[in-house]
């Protein structure tokens, strides 16, 4: 996911307005979507998420985001405004059936690191808070009981039965259906599945598997044509270098590689 924060002109600002989209400019075969939030003080947060199981190796999520901002439905929002910050991060979108074992001796995975993002809502903060509360309660109980350095398995046992599990289970098939059938059909089937889960508590599909990893989804370049991305104008669309500068990333040039 990629995000920018803009200071927009007062007449362009509508505090509280929330806009979500999916599809363009990705087409029907690549999953992803956008968010645009009008915050306080004439600030607007805009972001774009691309599912990493895309097939075309010429596709660049950063460039897709820049192109997204040129859509007539939103570009007017940024006219006369100024981009003031930028950021990007990987989002764990596997959902209910992809949550790993959370506990280990002396600790636990919580929040987005655990994979508690609700994909169709593009939201994970609510479950991050709930998982932190759950972990704190169980760890406090373990310490009170005189335990130390062992595994607080109570976290593992309870998250699926609580609000986090209920939230993710209702939408568990959205991502697999989207990946298999594409945006046009997959999102429709995912919506139907969410509707039956919400109203009747069951799914026509059961619990679907994702099928293959994101890396396995990428196809050879010989099967695709390069994408002709437009050059950035420095006003609405930007290059990577100026964007990374705005992210305030700070590290030593000879810093050891931490990803092995």
- Query: Hey, what number do you get for the chain at 222 nm if only DSSP H runs of n ≥ 4 count, each worth -39500 (n - 2.57), divided across all residues, to the nearest 500?
  - Reply: -9500 deg cm²/dmol
- Item | Of [x] 1.36; [y] 1.00; [z] 0.95, the label for Rg/Rh (Cα atoms, Kirkwood Rh) derived from the coordinates | [y]
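Arrange the peptides 95-108, 24-37, 199-212, 134-147 so that the one whose residues have, on average, the most other Cβ atoms within 10 Å appears first. Don't jump to the answer; show the numbers that get you there.
Values: 95-108: 15.6, 24-37: 19.2, 199-212: 11.6, 134-147: 13.6.
Per-residue mean Cβ counts within 10 Å order the peptides as 24-37, 95-108, 134-147, 199-212.
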- Query: How do the peptides 233-241, 216-224, 65-73 rank, highest first, by the average count of neighbouring beta carbon atoms within 10 Å per residue?
  - Reply: 65-73, 233-241, 216-224
- Cα gyration tensor, the range 2-90 - rounded (a/c under 1.5), prolate or oblate: prolate
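With an 8 Å Cα cut-off and a minimum separation of 6 or more residues, compute the relative contact order for the range 2-90 in percent.
On the way: 151 pairs, mean separation 37.4, N = 89.
Computed over the range 2-90, the figure is 42 percent.
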- Query: Over what distance in Å are the Cα centres of the range 126-145 and the range 73-125 separated?
  - Reply: 21
- Item | Value of relative contact order over the range 91-172, rounded to a whole percent, pairs C-alpha under 8 Å and six or more apart | 37
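Let me make sure I get this right: for the range 91-172, a, b and c are the square roots of the gyration tensor eigenvalues over alpha carbons, sorted descending. Under 1.5 in a/c it's rounded, otherwise prolate if a/b > b/c, else oblate. Which is it? Intermediate results must be reported in sequence, preceding the final value.
Numbers: a/c = 2.36, a/b = 2.14, b/c = 1.10.
Prolate shape, in that a/c is at least 1.5 and a/b is the bigger ratio.
Got the relative contact order for the chain handy, in percent, Cα pairs under 8 Å and 6 or more residues apart?
22
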- Item | Prolate/oblate/rounded label for the range 44-144 (Cα gyration tensor, a/c 1.5) | prolate
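No lab work stands behind these numbers, since they all come straight from the coordinates. Predicted model, so just to flag it, every value in this text is computed and none were measured. For neighbour counting, all protein chains shown are included, and Cβ atoms are generated from backbone atoms with ideal geometry for every residue, glycine included.
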